[in-house]
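Reading through the structure tokens given below for one structure.
The values are calculated or read from the model by the stated rules, or taken from the named source; none is laboratory data. Since this is a predicted model, take the numbers as computed values, not measurements. Because the Cβ atoms are built from the backbone with ideal geometry, glycine has one as well, and the counts that use them run over all protein chains shown.
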Amino acid sequence: MDWKPFLQNKWLVMLAVLGVVLILFGTLWNRANPSIPTLSSARQAGTSSAEAAANQPASALGTGSTADPVLAMEQAYDQQLTAIIDQLAGVQGAVVMVTLDSTNQLEVANDSRTTTQTQRTSSGTSSQTSQDNSVYTERQADGSSVPFVTAQQAPVVRGVLVLVDADDFAVARAEIIDAIGHVLDVPAYKISVQPKRSNP
């Protein structure tokens, strides 16, 4: 091999050596400092909080004897929206109920391969089609393999019911519908705001 063209471009050789050194340094630095967040650790942290809420025992959630991840997410939404709505001017004692169609949905990377084999015989042709589906996985720092997540979709909100005691109900109703519509990305027809019954 003739090294003459490479040696004439010494700056290019030095740039390549510097790139290799930086790649090796980055790999060794990441192993030495596992506390530095990476993309996969951030993705795991985002999904682990939802999984932790979904895997809590039902007694901790204040529900019956079965733990339902949809119910856990609904209760979390209820508490957050109640706290936000109570902060609106002229609104007291809000009670919120959110119903969801499902929990978070994860889309994973798939590898689909379709193979078609055609054979010609004296009696005619025959074809055989086989399809192989596999899920891409990524290796974690501890050596385990997890599916590679390409997208995470938020749960679909079926409807929201809000009971409030407000000084000016018409204004409060419009503000609450607007706030919930922006926070949960829910159309106004799925949000119902009703006045609380006054106690005699």
Filter result (more than 30 Å from Phe148 (Cβ to Cβ) and under 23 Å from the mean Cα position of the chain (by Cα)) within the stretch 85-119: Met97, Val98, Thr99
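Is it the case that the stretch 85-98 has a residue that's of a type in the set (Val, Ile, Thr) and exposed (fewer than 14 other Cβ atoms within 10 Å of the Cβ)?
no
Restricting to the stretch 94-138, name every residue that is farther than 30 Å from Leu163 by Cα and touching a helix residue (DSSP H, G or I) at 6+ places or on another chain (Cβ under 9 Å).
Correct list: Leu106, Glu138.
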For the stretch 128-166, give me each residue that is in contact with a Gly (Cβ under 7 Å, 6 or more places away or on another chain) and modelled with pLDDT under 80. none
Scan the stretch 160-178 and tell me whether some residue there is surrounded by 13 or more Cβ atoms within 10 Å (Cβ to Cβ), in the same structural domain as Met97 (by TED's automatic domain parsing), without any contact (Cβ under 8 Å) to a residue 40 or more places away in the chain and touching a Pro at 6+ places or on another chain (Cβ under 8 Å). yes
Would you mind finding the one in Ala72, Ala89, Ala60, Ala53 that is within 30 Å of Val164 (Cα to Cα), modelled with pLDDT of 80 or more and outside any loop (DSSP other than H, G, I, E, B)? Ala72
Kindly establish whether Asp78 is of a type in the set (D, E, K, R), within 30 Å of Pro195 (Cα to Cα) and exposed (fewer than 14 other Cβ atoms within 10 Å of the Cβ). no
Residues in the stretch 133-143: is at least one surrounded by 12 or more Cβ atoms within 10 Å (Cβ to Cβ), assigned to a strand (DSSP E or B) and free of Cβ contacts under 8 Å to residues at least 24 places away in the same chain? yes
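Tell me whether the stretch 119-126 contains one or more residues that are surrounded by 10 or more Cβ atoms within 10 Å (Cβ to Cβ) and either not in a loop (DSSP other than H, G, I, E, B) or not hydroxyl-bearing (Ser, Thr, Tyr) (or both).
yes
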